[in-house]
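Worksheet: one structure, shown below.
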Amino acid sequence: MLNKHLHIVCLDVPCPSDYGCAIDMMSRIRAFRKKGIKIHLHYFEDSNKCRTRELNELCETFEVYERKAPSECLSINTPFCVSSRCNETLINNINKDNYPVLLEGLHTTGIINAISKNNRKICIRMHNVGPIYYKELARQTSNPAKKTYFLAESLLSQKYLPTLPRHHMIACVSEGDKKYFESLEFQNVHYVPAFPAWQTVDSKTGVGNLCLFHGNLSVPENEKAALWLLCNVFNKIRIPFVIAGKNPSKSIQKAADLCQHTCLVSNPCDKEMDDLIEKAHINILPCFSKNITGASLKLLHALYKGRHCVTTPAMVEGTGLEAACHIGTSANAIAAIISQLYYRPFEEEEIELREKLLYDTYNNDVNVEKFISYLW
């Protein structure tokens, strides 16, 4: 891979990797670097969480850009997540050479026509299907302003997607997403699984001491799941329950305070989250999406690091990981499963099953070659 250079444009700073998309992006950066690819990273800083030490070690160069304010880029044709990242400086930086480009997410595709020339190889990593993803967020939030925004993004994404060039590679995280883009007559669509930060199953056998729900708690789906568990499951069973994740809402904080056997851990660092998942006897990850898109990195995190995993059918649909999980279809069923599992040791046989199910599909060294074979 001598002297192979790659531009990677990330929708957000990929490090720290404190939510699923960031984990996928950062693990892919590490995988490219392991193969000797020289990375020129570009990302949009959407918060104050920038940490560049590891990025300095992994990348030849990196550039940081600011998103535009709504007043600067509102459009009737383009979703705000895209138009706010159309940046002339970014375009100029990428056009200084003809290196291949990896665009992370629909969010970063607004520049594609400006950088697509001289037969340049461009790949779009689709983390989900935008119209479906935003429609689900709208369905699961009760906040009127957020609901309006998510519905607008869903409609604009549906309008915008068919305008993308048809010949560039689209790398989808699920077979279902792949079928969606093929139905839009894109010519070069591939299934490339999520890149987890974990490559070996390190689950501990025996018995843990708590039940855990974790996720980005600022996302409506995760907020709904946490509240559902508090109000419908752990009001029935008196077992220690921890909710951990990013930016919990006041609703979650209030509900957790009312439940005496529940603890809320706000904004844990990577090590704290790993410790919680490893110490838990049961990781509980319900999902209420009606239309599934994208991949759940928190499910992979629980399977690589945790003991028993309890979930609902939507979480494992299309993953091939059903056998590694205990699946309930209602609050009563979930409560009954938790009560049964809480005193059942986690066995070596279950680790072997996870290894069999995970290792072939989620091998980052193998999956990064799918990008490399197209880009060079």
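The values are calculated or read from the model by the stated rules, or taken from the named source; none is laboratory data. On a predicted model such as this, the values are computed, not experimentally measured, just so you know. Note that each Cβ is placed from the backbone with ideal geometry, even for glycine, and that neighbours are counted across all protein chains shown. Just so you know, the surface numbers come from the protein's heavy atoms only, side chains and all, with ligands and any DNA or RNA stripped out. Shrake-Rupley method; radii C 1.70, N 1.55, O 1.52, S 1.80 Å.
Rolling a 1.4 Å probe over the heavy atoms of the protein chains gives the chain an accessible area of 44 Å² per residue. Within the listed set Ser71, Ser289, Ser142, the Gaussian network model of the chain (springs between alpha-carbon atoms below 10 Å) gives the highest mean-square fluctuation for Ser71.
Atom-type composition of the exposed protein surface of the chain places 50 percent of the accessible area on carbon and sulfur (1.4 angstrom probe). Here's how it looks for Asn216: its modeled amide H is under 5 Å from those of Lys246, which are all 5 or more places away or on a different chain.
One decimal place: the segment Asp202-Val64 gains 46.2 nm when fully extended, by the rule 0.36 nm per residue minus the C-alpha distance.
Placing +1 on the Cβ of every Lys and Arg and -1 on the Cβ of every Asp and Glu, with no other charges, gives segment 121-265 a dipole of roughly 260 debye about its Cα centre.
For the chain, the Cβ-based charge dipole about the Cα centre amounts to some 640 debye (Lys, Arg positive; Asp, Glu negative; other atoms uncharged). If the segment from Lys250 to Asn209 were pulled out straight at 0.36 nm per residue, it would be longer than the present Cα-Cα gap by 12.1 nm.
Quick note on segment 1-159: its Rg to Rh ratio, both from C-alpha atoms and Rh being the Kirkwood radius, is 0.98. Considering only beta bridges that DSSP places wholly inside the chain, some 0 percent are antiparallel.
Normalised by the number of residues in the chain, the mean separation of alpha-carbon contacts (under 8 Å, six or more apart) gives a relative contact order of 16 percent. Shown for segment 200-331: lysine pairs separated by 8 or more places, or found on different chains, whose C-alpha atoms are under 15 Å apart, numbering 12.
Potential lengthening of the chain between Lys279 and Val265 amounts to 3.6 nm, from the contour at 0.36 nm per residue minus the alpha-carbon distance.
On the principal axes of its alpha-carbon atoms, segment 107-226 has extents of 58, 42, 24 Å, going from largest to smallest.
The alpha carbons of the chain give a radius of gyration and a Dmax of 20.8, 64 Å, in that order. Note on segment 192-346: Cα-Cα pairs beyond 26 Å make up 17% of the total pair count. Got a sec? Which residues in segment 269-292 would a label at Ser218 touch, if it sits 7 Å along Cα→Cβ and we count backbone N under 15 Å? Zone members listed by number: 269. Comparing Pro144, Pro131, Pro220 in a Gaussian network model of the chain (Cα springs below 10 Å), the most mobile by mean-square fluctuation is Pro144.
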